[in-house]
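Notes for the one structure printed next.
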Amino acid sequence: TCEEIQAQPEIAESCATCTGTLPSECATCAVAFPFLDAPSSCVGSCTPLAKYANSAGACIACDPACTTCNGPDGDDCLSCTDPSASFLHGGSGVASCPAGTFAEVVGTQGTCSSCHANCETCNGALSTACLRCPETGTPYLDNGACVSSCPVGKYARTSSVSTSLASEVMTCVAYSGS
């Protein structure tokens, strides 16, 4: 009976009602295990099963691009399966983080997180973690921060951060005393 099954510690009362005597024979799920994993097992979360819970509370398989997910599509990933696209960005796996984001580990997942609004590219979320500044608004880089003009005692100098012309940065440099 369902009551006999629920008395077993490994089942932990996952079924509210049962269709048989096995833990995988739930007709309805208990409050603590609200999601139905086909054919008839109740679980507390679909995520560890590489599934998501639909609106009816049924566990549905993730898109093959996702190790874990919160919906049916390839851009609903919480973690990615492809090792060559191991960073999560906008719900999809990407090989590298795009401009305006930086790579960081959140939990165990490599994630592309947003740069501060003043930065074009960065290596962290703070306003002082900028690597490049936008051409308008705050185009000058001063000690990792993008500013609209260099502070008193400094002047703007173009610095090349690579061999391409597009990689020049306007940097605030202190005047040297004479």
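Quick notes
- Charge dipole (debye, nearest 20) of the chain; +1 at Cβ of Lys and Arg, -1 at Cβ of Asp and Glu: 980 debye
- Counted charge near residue 138, where neighbours are those whose Cβ lies closer than 12 Å (Asp, Glu -1; Lys, Arg +1): -2
- For the chain, the solvent-accessible area with a 1.4 angstrom probe is 57 square angstrom per residue.
- For residue 35, the amide hydrogen comes within under 5 Å of the amide hydrogens of 43, counting only partners 5 or more places away or on other chains and with H modelled in the peptide plane.
- Cα centroid of region 92-171 to Cα centroid of region 32-52, whole Å: 42 Å
- Neighbours of residue 59, meaning other residues whose beta-carbon lies under 9 angstrom from its beta-carbon, give a summed charge of 0 when Lys and Arg score +1 and Asp and Glu score -1.
- Of the accessible area of the chain, computed with a 1.4 Å probe over protein heavy atoms only, carbon and sulfur atoms account for 57 percent.
- Along each principal axis, Cα extent of region 44-167, largest first, Å: 64, 27, 22
- Unit charges at the beta carbon, dipole of the chain: most positive-side option, 105, 134, 49: 134
- 3J(HN,Hα) from dihedral phi, region 142-153, Karplus parametrisation 6.51/-1.76/1.60, rounded to Hz, x for glycine, proline: 10, 6, x, 10, 8, 10, 6, 8, 5, x, 4, x
The values are calculated or read from the model by the stated rules, or taken from the named source; none is laboratory data. Bear in mind the structure is a predicted one, so any value in this text is a computation, not a measurement. FYI the Cβ positions are ideal-geometry reconstructions off the backbone, even for glycines, and counts take in every protein chain you see. In case anyone asks, the SASA skips ligands and DNA or RNA and just uses the protein heavy atoms, side chains included. Shrake-Rupley method; radii C 1.70, N 1.55, O 1.52, S 1.80 Å.
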